[in-house]
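The values are calculated or read from the model by the stated rules, or taken from the named source; none is laboratory data. Just so you know, these numbers come straight off a predicted model, no measurement behind them. Every residue, glycine as well, gets a Cβ built from its backbone with ideal geometry; the counts of neighbours run over all protein chains shown. Surface accessibility is based on the protein's heavy atoms, side chains included, excluding ligands, DNA and RNA. Shrake-Rupley method; radii C 1.70, N 1.55, O 1.52, S 1.80 Å.
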2 protein chains.
Amino acid sequence: MSFPGEGMAEQKIRNMEEFAAASGISRPTVSKYFNDPASVRRTTRERIEAALERFDYRPNIYAMNQNRRLTKTVGIVVPYLADPFFAEIARTIERLCIAAGYRTILLSSHGEPALEIENLDNLRLLRPAGVLLAPLGRASDRTAIERFCADVPAVLFDSRIDDVGEAFIGSDNGQSIALIVDYLCRTGEPPCLFEMKTPANPNARKRHAAYLAIMERLGHPPQIVQIDGHDWEFEAIGYRGGLQAIERRRFATDTVLCSNDRLAIGLLAAAYEKGLRVGRGHGCALRVAGHDDHPFARFTCPPLTTVSQDYAAIAARSVEILLSLIDSERTGSISSGKVVLFDGKLVMRQSA
Amino acid sequence: MSFPGEGMAEQKIRNMEEFAAASGISRPTVSKYFNDPASVRRTTRERIEAALERFDYRPNIYAMNQNRRLTKTVGIVVPYLADPFFAEIARTIERLCIAAGYRTILLSSHGEPALEIENLDNLRLLRPAGVLLAPLGRASDRTAIERFCADVPAVLFDSRIDDVGEAFIGSDNGQSIALIVDYLCRTGEPPCLFEMKTPANPNARKRHAAYLAIMERLGHPPQIVQIDGHDWEFEAIGYRGGLQAIERRRFATDTVLCSNDRLAIGLLAAAYEKGLRVGRGHGCALRVAGHDDHPFARFTCPPLTTVSQDYAAIAARSVEILLSLIDSERTGSISSGKVVLFDGKLVMRQSA
DNA sequence: AAAAAAAGTTAGCGCGCGTAAATTTTATGA
DNA sequence: TCATAAAATTTACGCGCGCTAACTTTTTTT
């Protein structure tokens, strides 16, 4: 029954049964359509889509996921969402997953190992088709993550945990550190490395090692300034550590390479407070470089010279590998611990 | 059958039926327990929890949500997650919801109105118990949000849309702008207002109005510098607009009040590039103040003087109201458009 | 101690969909 | 044209849990 003035407001569709009846197609075929529109005949598809416009029905997610063997959702877990770097890479990943026909669920561990495990436990209940995981790193419960990866197809990115997960996508810290150190040495004094004493992130360790290697190759003695701090508030850590390092004259040269941009932002604030002019011009007392090309690095004073991580590529490749992994899970083929590292690019600004 | 050395590895529990049998309790009672552990007798609860330790069973979320009238999840929608301000307030909200026994699902509209609607559509499918929504503002599809709020208990925060949602929690822009303008006038020249021409956020309009009001009351002519930009990359907008404004000498006084901190961060970068020393000391050409006490405002050069939003209070109150709303939804009582505004506090740093 | 209240048990339906097997219809091509 | 393959349909069952009613047991009250 249709009332004048009600437009398309026909009967309310409550479930797939009713929708199938209204569209003149059997329910199993409609179900097939929703699982893969291309799996039904063109004429059938058109009839369903015509009905779809009239009734705007959408299948019940819970009922779908309860019965499907393969849930059409992928989980995304990042270590610290309040860091715009992770917010942006998560967003890029989300886009790609949705474009591939998956739902997405974004979780942040907020720097807490317990929360990381809780996130994985909760994810497991959702029976996701796959998971993209950027672990906390050192603080992560390796065993728990290993168990999780045994159950769920998982691709790790950003922070590597050796031999965990089906693949790892990240940056080549060796290449990027060599790049920036080489640049700094060519244009001025060799850099000191400014880093946390017990870094949460394994990248920091690789950067440390890469720094030692490149300095040795260039024939300079390594100068490392390690600062305290064990949470994810890197700006605050860099600021406090920077103040101390400046006061105690711990920087052996006038050039500092920070283990990451957020630390550098803190150091810039400390240098400003101490009246040290940062940059490479006349009258500058300090050169400061970072790593990552953080979204805010363009807007520091002075703008931060750094090495970019190609996070668009990291995101794209991570999703690509996960999807193929999900597919091979269905077909039964086996893939193993693939590692993909992308090169960083020098981003020259004013700070060094 | 129990194998030596296997420890607790007893039979695998597949569903609540099996778990109930293993724990010696009937399934309906176990179901009651999972819906509210306090609803069963203490001795029963202890028996269930003992079994829980042996088998680590957890009910199937999809089956639960399919049959429950009230899903134990709340949705959180923020306009732009790459802004640490929203990331942190979202986290605070998450904590509170989880503590209250709810699952949480975090979505970001990423500055795109279409995505905001999509988020709400997807949320609706999840039949959440309630939603905490920080809308995009001007760009939001008011009708769509209204429809959503008619179906789902929703509390709006941060950005108000008049007469939409059951409640709104935010900051008192009138109070906070008066506070900072008054401070700036007492300590130097009266401020110009630095804002976007067509701000995405309704708070910006209220701050504009509040600026006019307080300047009038203090007997100063208002000076407004409006800049172009219509996305959420406020730092970039503030930077470009700041460069132009400085070049064309559009600031009538030496003091600038930015509509928000991210704009201020951009302006600081522009001032630095133009060689304008920012601060309130001798030799400073410009005073810059912001609004919000953004997580990064402490680390700008110079550190940014601003007005803090009490986002802990905003988060707490939003959740509190939503939960009572959900509860009254069950009991049938009716509440109406409550509005709660929190005062800002002056955060004096070095930039003004 | 008996009576009342509370908690637990048994039994069974329903939710909305996936999926498999068997059957019928439609498209393909020689 | 007809045999054959491909697609769609029908039929039927199962997923894991919420929820209710009627009944039984345990606990609390007086």
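Can you pull out every residue in region B:313-323 that is under 19 Å from B:Ala150 (Cβ atoms) and open to solvent by 10 Å² or more (accessible area, probe 1.4 Å)?
B:Ile321 - this is the single residue of region B:313-323 that is under 19 Å from B:Ala150 (Cβ atoms) and open to solvent by 10 Å² or more (accessible area, probe 1.4 Å).
Which residue out of A:Arg91, A:Arg124 is touching a Phe, Trp or Tyr at 6+ places or on another chain (Cβ under 7 Å) and part of a helix (DSSP H, G or I)?
The match here is A:Arg124.
Is there a residue in region B:224-234 that is farther than 27 Å from B:Glu112 by Cα and more than 14 Å from chain A (Cβ to nearest Cβ)?
yes
For region A:95-113, enumerate the residues that are open to solvent by less than 20 Å² (accessible area, probe 1.4 Å) and at the interface with chain B (Cβ under 9 Å from one of its Cβ atoms).
Result: A:Leu106, A:Ser108.
Here is a yes/no grid of residues against (1) more than 16 Å from DNA strand C (Cβ to nearest atom); (2) in the same structural domain as A:Gly130 (by TED's automatic domain parsing); (3) within 25 Å of B:Ser109 (Cβ to Cβ):
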site: A:Arg41; (1), (2), (3): no, no, no
site: A:Arg47; (1), (2), (3): no, no, no
site: A:Ala50; (1), (2), (3): yes, no, no
site: A:Phe55; (1), (2), (3): no, no, no
site: A:Ala87; (1), (2), (3): yes, yes, yes
site: A:Arg95; (1), (2), (3): yes, yes, yes
site: A:Arg103; (1), (2), (3): no, yes, yes
site: A:Ile117; (1), (2), (3): yes, yes, no
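Conditions first: (1) over 21 Å from B:Ser176 (Cα atoms); (2) in contact with a strand residue (DSSP E or B) (Cβ under 8 Å, 6 or more places away or on another chain). B:Gly275 passes all but one, so which condition is the exception?
(2)
For region B:21-67: of the residues being surrounded by fewer than 14 Cβ atoms within 10 Å (Cβ to Cβ) and not in a helix (DSSP H, G or I), which is nearest to the chain's Cα centre (by Cα)?
Among those residues, the one meeting the criterion is B:Asp36.
Going through region B:23-46 one residue at a time, which ones are more than 24 Å from B:Ala100 (Cα to Cα) and either of a type in the set (D, E, K, R) or away from DNA strand D (no atom under 12 Å from the Cβ) (or both)?
Listed by number, the residues that qualify are B:Ser23, B:Gly24, B:Ile25, B:Arg27.
Which count do you get for residues in region B:3-20 that are away from DNA strand C (no atom under 15 Å from the Cβ), surrounded by 10 or more Cβ atoms within 10 Å (Cβ to Cβ) and either away from chain A (no Cβ under 14 Å) or at pLDDT 90 or above (or both)?
2
State which residue pairs qualify: first residue within 14 Å of chain B (Cβ to nearest Cβ) and inside region A:290-319, second residue open to solvent by 20 Å² or more (accessible area, probe 1.4 Å) and among the basic types (Lys, Arg) in any location, beta carbons under 8 Å apart, and separation of 6 or more residues or different chains.
Partner pairs satisfying both residue conditions: A:Ala297/A:Arg349; A:Arg298/A:Arg349; A:Pro302/A:Arg349; A:Pro303/A:Arg349; A:Leu304/A:Arg298; A:Leu304/A:Arg349.
Given the condition part of a loop (DSSP other than H, G, I, E, B) and in contact (Cβ under 8 Å) with a residue 40 or more places away in the chain, answer yes or no: does some residue in region A:106-118 qualify?
Yes; the residues of region A:106-118 include at least one that is part of a loop (DSSP other than H, G, I, E, B) and in contact (Cβ under 8 Å) with a residue 40 or more places away in the chain.
Determine whether B:Arg58 is within 27 Å of B:Leu123 (Cα to Cα), near DNA strand D (Cβ under 9 Å from one of its atoms) and without any contact (Cβ under 8 Å) to a residue 12 or more places away in the chain.
Considered against the rule, which asks whether it is within 27 Å of B:Leu123 (Cα to Cα), near DNA strand D (Cβ under 9 Å from one of its atoms) and without any contact (Cβ under 8 Å) to a residue 12 or more places away in the chain, B:Arg58 comes out as yes.
Looking at region B:262-294, which of its residues are in contact with a Cys (Cβ under 6 Å, 6 or more places away or on another chain) and either hydroxyl-bearing (Ser, Thr, Tyr) or assigned to a loop (DSSP other than H, G, I, E, B) (or both)?
The answer is B:Tyr272, B:Arg277, B:Gly290.
Do we find a residue being open to solvent by 60 Å² or more (accessible area, probe 1.4 Å), of a type outside the set (Phe, Trp, Tyr) and within 13 Å of DNA strand C (Cβ to nearest atom) anywhere in region A:70-84?
Yes, some residue in region A:70-84 is open to solvent by 60 Å² or more (accessible area, probe 1.4 Å), of a type outside the set (Phe, Trp, Tyr) and within 13 Å of DNA strand C (Cβ to nearest atom).
So, of the residues in region B:183-241 that are polar (S, T, N, Q) and not in a helix (DSSP H, G or I), which turns out to be surrounded by the most Cβ atoms within 10 Å (Cβ to Cβ)?
It comes out as B:Asn201.
Here is a check on your reading of the model: is B:Phe299 open to solvent by 10 Å² or more (accessible area, probe 1.4 Å) and within 30 Å of B:Ile98 (Cβ to Cβ)?
So B:Phe299 fits the description; yes.
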